[in-house]
1. Please enumerate the residues belonging to the range 34-83 that are in a helix (DSSP H, G or I), in contact with a strand residue (DSSP E or B) (Cβ under 9 Å, 6 or more places away or on another chain) and under 12 Å from residue 150 (Cα atoms).
2. How many residues does the range 38-68 contain that are over 20 Å from residue 141 (Cβ atoms) and in contact (Cβ under 8 Å) with a residue 24 or more places away in the chain?
3. Which condition number in (1) in contact with a strand residue (DSSP E or B) (Cβ under 9 Å, 6 or more places away or on another chain); (2) part of a loop (DSSP other than H, G, I, E, B); (3) exposed (fewer than 14 other Cβ atoms within 10 Å of the Cβ) is the one that residue 26 fails?
């Protein structure tokens, strides 16, 4: 396919998705820009439009997408070591792609550092006063810890610096969906900026399910526990988590 025909195809996809009104795109051109940005990160159009927001000329990525891209890289990884309403702590490591630790094929992990974000950090940044932070503190603390760590230890995965929507003062998908009742004691099942790297499957032959829908069905803690402390980053991992928890 020539560059011209490929661009025409992407433009048509952007036009169709913009017209669908399923995504918050201001124009076909804006949708196309997000799709192209997602293409550079190795993700599909719908995942890009669901998880990338451009604000002040800077791309913002949801924490679940950031985590999935790190795991998908094959070079870096992370492990959630603490998660509570007071703080989230995440270790980041680089995977040795040559040496093996044992006959089972487990790779050496070189620790790069730790990213910890506390409720006090959120208060100093004047984030904790928002309704979303008060309702989902663990999820948002984890989101900031992952995003900060990705920026510090593995920015090459994203082609440079990355930002969380909350950092630039936009809600993105951090806020509950429109029309959701936030006054009751709804279960804490939403991880900020849900998304996956084209992680889709059809359990029991049913409708297509994505990591975003998985996060709506189960809590962040359940998903992390079912996947060795990490967010699912591949189709197989999403399917395995679904089968464990469903």
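1. Listed by number, the residues that qualify are 65, 67, 69, 70, 71.
2. Of the residues in that region, 17 qualify.
3. Failing condition for residue 26: (1).
The numbers here are math on the coordinates, done by the rules we state, and not lab data. What you see is a predicted model; the values in this text were computed from it and never measured. Every residue, glycine as well, gets a Cβ built from its backbone with ideal geometry; the counts of neighbours run over all protein chains shown.
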